[in-house]
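Single-structure report; data block below.
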Amino acid sequence: MGEARDTPADAREAFSDDVFLGGRLLLKQPLDGPRAGMDAVFLAAACPARADSGERVLDAGAASGAVALCVAARVPGVDVTGVEIDRALCAAFRENITRNGFAGRVHAVEADLTAPVRLLSVAGLMPGSFDHLLANPPFFGTGDVRLPRSARLKRAHVSEDGTLGAWIRVLTAMAAPKATLTLIHLPSALPELLGLLERRFGGIAVFPLFAKPGAPAIRMLVRARKGSRAAMKLLPGLVLHEPDGRFTLAAQAILREGEALCIAG
């Protein structure tokens with residue numbers, strides 16, 4: 001997770017430099033906009049891409065590139081593409097690719113993920129071409145929370161009716177046969193997700209993240225495989241904090257040291 005370092009504003013908006021993976025990554029992020037933290041690191045850590053495999057990874061809704069770059073930093077030899085609709089965020093993503101030394105292996109595509117697949121193909125996103133797909137979709141419906149004033153924050157955190165379904169349809173189209181899909185979301189979204197994944201992905205594994213021992217889950221990672229008919233598994237999950245508030249050793253290994261988060265199933 002990142003520790004913010006304020007930097008001077010450019011002509012349009014202010015950014016910070018945020019440290020991820022114990023200093024292995026330095027990411028430029030807008031101060032007034034979606035900012036990556038633990039969710040991005042855990043989602044990237046759960047990507048099952050294999051080192052030096054040449055596998056292709058798609059990060060949906062990439063923002064400034066935290067998920068895509070965390071994957072690239074942890075798994076050498078994979079090709080990562082991030083899709084982001086916001087022009088300024090996509091520009092920051094491209095800058096982050098260069099400053100962290102991932103030019104040629106990580107790619108930023110400015111596009112609307114809910115656009116028709118034929119238009120996404122023009123942008124370079126070819127159907128059936130990705131081995132692993134990652135998504136951190138907007139968590140809240142329009143009636144669930146007070147809407148942010150910022151249009152950028154609203155788009156990042158609040159979904160219109162049908163948005164999640166549109167994401168799943170496009171990710172299904174982009175997935176190669178037997179590709180994996182990994183999402184992070186609120187536990188309350190599980191019924192909707194299961195309905196959307198039905199007949200598209202199977203072998204679903206649900207991996208909860210708990211803030212502290214004995215507390216309800218605050219997030220869930222959902223892994224599925226395209227075309228699989230395997231049964232769903234509910235896994236033990238991971239506790240993030242000790243009772244005194246310190247990160248657990250397992251959480252620290254992921255957040256600070258770039259360890260993988262293995263989701264069985």
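Overview of results
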read-out: Number of the condition not met by Pro116 [criteria: (1) of a type outside the set (A, V, I, L, M); (2) without any contact (Cβ under 8 Å) to a residue 60 or more places away in the chain; (3) more than 19 Å from Val170 (Cβ to Cβ)]; value: (3)
read-out: Any hit, the stretch 81-104, residues being in contact with a Cys (Cβ under 9 Å, 6 or more places away or on another chain), over 18 Å from Leu164 (Cα atoms) and crowded, with 17+ Cβ neighbours inside 10 Å; value: no
read-out: Checklist (1) among the hydrophobic types (A, V, I, L, M, F, W, C); (2) in a loop (DSSP other than H, G, I, E, B); (3) farther than 17 Å from Leu261 by Cα; (4) modelled with pLDDT of 95 or more applied to Ala9, failing item; value: (4)
read-out: Check on Gly143, small (Gly, Ala, Ser), outside any helix (DSSP H, G or I) and either modelled with pLDDT of 95 or more or closer than 12 Å to Leu58 by Cβ (or both); value: no
read-out: Matching residues in the stretch 220-252 - criterion: being closer than 24 Å to Met174 by Cβ and not hydrophobic (A, V, I, L, M, F, W, C); value: Arg223, Arg225, Lys226, Gly227, Ser228, Arg229
read-out: Close pairs (7 angstrom Cβ cut-off, 6 or more residues apart or separate chains): over 16 Å from Ala45 (Cα atoms) and at pLDDT 95 or above in the stretch 214-242, assigned to a loop (DSSP other than H, G, I, E, B) and of a type in the set (A, V, I, L, M, F, W, C) anywhere; value: Ile218/Ala211; Leu235/Ile263; Leu235/Ala264; His241/Ala211
read-out: The stretch 161-173: number of residues that are touching a helix residue (DSSP H, G or I) at 6+ places or on another chain (Cβ under 8 Å) and over 14 Å from Gly202 (Cα atoms); value: 4
read-out: Members of the stretch 25-49 found to be modelled with pLDDT under 95 and assigned to a loop (DSSP other than H, G, I, E, B), listed by number; value: Leu31, Asp32, Gly33, Pro34, Arg35, Ala36, Gly37
read-out: Hits in the stretch 117-132 (condition: open to solvent by less than 70 Å² (accessible area, probe 1.4 Å), assigned to a loop (DSSP other than H, G, I, E, B) and touching a helix residue (DSSP H, G or I) at 6+ places or on another chain (Cβ under 9 Å)); value: Leu125, Pro127, Gly128, Ser129
read-out: Scan of the stretch 50-69 for residues that are part of a helix (DSSP H, G or I) and over 10 Å from the mean Cα position of the chain (by Cα), ordered by number; value: Leu69
read-out: Pair list, Cβ under 8 Å, 6 or more apart: the stretch 192-203 residue small (Gly, Ala, Ser), other residue open to solvent by less than 10 Å² (accessible area, probe 1.4 Å); value: Gly202/Ala224; Gly203/Ala224
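The values are calculated or read from the model by the stated rules, or taken from the named source; none is laboratory data. Quick caveat, the model's predicted, so the values are computed rather than measured. Backbone-built Cβ (ideal geometry, glycine too); neighbour counts: all protein chains shown. Side chains are part of the model used for accessible areas, which takes the heavy atoms of the whole protein and leaves out ligands, DNA and RNA. Shrake-Rupley method; radii C 1.70, N 1.55, O 1.52, S 1.80 Å.
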